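*Asks:* Would you mind keeping the following structure in view while I ask a few things?
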């Protein structure tokens, strides 16, 4: 089983988990053990971690009073956080 342990913000964690779960759904069914044991367990674990990621606080730029997050700002600046 492939496991990563980075420190991610809420949006990055959600994006990463969605990507890995989609990859597992598409590519993870190529064997009897994968079909019945490993892939369903991986999908359930990813869904559990996705619910934990959704419960995380959104990152703030400089103060909790601002409503715009670093992710929102990066979307407006062409993908670069300034």
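*Asks:* Which count do you get for residues in segment 11-21 that are without any contact (Cβ under 8 Å) to a residue 60 or more places away in the chain and either in contact with a strand residue (DSSP E or B) (Cβ under 7 Å, 6 or more places away or on another chain) or surrounded by 15 or more Cβ atoms within 10 Å (Cβ to Cβ) (or both)?
*Replies:* 7
*Asks:* Could you look through segment 22-38, keep only residues that are in a helix (DSSP H, G or I) and in contact (Cβ under 8 Å) with a residue 12 or more places away in the chain, and pick out the one that is nearest to residue 7 (Cα to Cα)?
*Replies:* Top of the filtered list is 24.
*Asks:* Is it true that residue 47 is modelled with pLDDT of 90 or more and either surrounded by 12 or more Cβ atoms within 10 Å (Cβ to Cβ) or assigned to a helix (DSSP H, G or I) (or both)?
*Replies:* For residue 47, the condition - modelled with pLDDT of 90 or more and either surrounded by 12 or more Cβ atoms within 10 Å (Cβ to Cβ) or assigned to a helix (DSSP H, G or I) (or both) - is met.
*Asks:* May I ask you to verify whether residue 7 is surrounded by fewer than 10 Cβ atoms within 10 Å (Cβ to Cβ) and without any contact (Cβ under 8 Å) to a residue 40 or more places away in the chain?
*Replies:* Yes.
*Asks:* Taking the condition assigned to a helix (DSSP H, G or I) and surrounded by 15 or more Cβ atoms within 10 Å (Cβ to Cβ), does residue 41 pass?
*Replies:* no
The values are calculated or read from the model by the stated rules, or taken from the named source; none is laboratory data. Source: prediction; values computed, not measured. Reconstructed Cβ throughout: ideal geometry from the backbone, glycine too, with neighbour counts over all protein chains shown.
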